[in-house]
1. To the nearest 10 Å², what's Lys105's accessible area with a 1.4 Å probe?
2. For a label point 7 Å from the Cα of Lys56 along Cα→C-beta, name the residues of segment 68-100 whose backbone N is under 16 Å from it.
3. Can you figure out the FRET efficiency of Asp129 with Lys102, using R₀ = 25 Å and their beta-carbon distance, to the nearest 0.05?
4. Across segment 42-48, in residue order, what do the Karplus-derived ³J(HN,Hα) couplings come to in whole Hz, using 6.51 cos²θ - 1.76 cosθ + 1.60 with θ = phi - 60° and x for Gly and Pro?
5. For a test of the definition: using alpha carbon positions, the gyration tensor, and the 1.5 limit on a/c, classify segment 1-129 as rounded, prolate or oblate.
6. Under a 5 Å amide H to amide H cut-off, with H placed in plane at 1.01 Å, what residues pair with Lys114 once short-range neighbours are removed?
7. Using a Förster radius of 25 Å, what is the FRET efficiency between Tyr118 and Ile49 based on their Cβ-Cβ separation? Nearest 0.05, please.
8. Treat every Asp and Glu Cβ in the chain as -1 and every Lys and Arg Cβ as +1, leave all other atoms uncharged, and give the resulting dipole magnitude about the Cα centre to the nearest 20 debye.
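The values are calculated or read from the model by the stated rules, or taken from the named source; none is laboratory data. Predicted model, so just to flag it, every value in this text is computed and none were measured. Every residue, glycine as well, gets a Cβ built from its backbone with ideal geometry; the counts of neighbours run over all protein chains shown. When the accessible area is computed, the model is the full protein with side chains, heavy atoms only, and any ligands, DNA or RNA have been set aside. Shrake-Rupley method; radii C 1.70, N 1.55, O 1.52, S 1.80 Å.
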Amino acid sequence: MKIIYIDMCADLLHYGHVRFIRNAKSLGDKLIVGLHSDETMESYKRKPILTFNERKEVLEAIKYIDEIIDNAPLNPGKDYFDRLNIDLMVIPDNCNNNTIQKLYKYPFDNNMLKVVNYTKEISTTLIIDRILNKKN
């Protein structure tokens, strides 16, 4: 069984998130999603609009996800990969080399990182901007 892992905030879940999740699942037999805490996201990007529990409940409804790990680390290491038996971590192609070295060093260094297409035409930030500017 090939176990795939992704991590995410999953705030204001949209079709770009769903595409990413579906693409990741297509690479293996089991998909584990590491869901970051509100505090982790606030330290890294911004405070999520939806609470952790709200974001988790939405993810639980997605058929491609087999397991959700609460409060996932930003930089998963060997112990984390070994404990969950992760074979491959999938990230979107909007991550630059600096981000990869900072957040995904272990899977990158161990040839366990796969980059998939990022849906450029939608993002949580874009949705927030649309709401604030009342544009479609």
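1. The accessible area comes out at roughly 90 Å².
2. 68-73
3. The computed FRET efficiency comes out at 0.45.
4. Result, ordered by residue: 5, 6, 9, 10, 7, 5, x Hz.
5. Since a/c stays below 1.5, the shape of segment 1-129 is classed as rounded.
6. Amide H neighbours of Lys114, under 5 Å, 5+ apart: Met89, Val90, Ile91.
7. Details: r = 20 Å, r/R0 = 0.81.
Computed FRET efficiency for Tyr118 and Ile49 comes out at 0.80.
8. On the way: 20 positive and 19 negative charges, 107 e Å.
Its charge dipole is roughly 520 debye.
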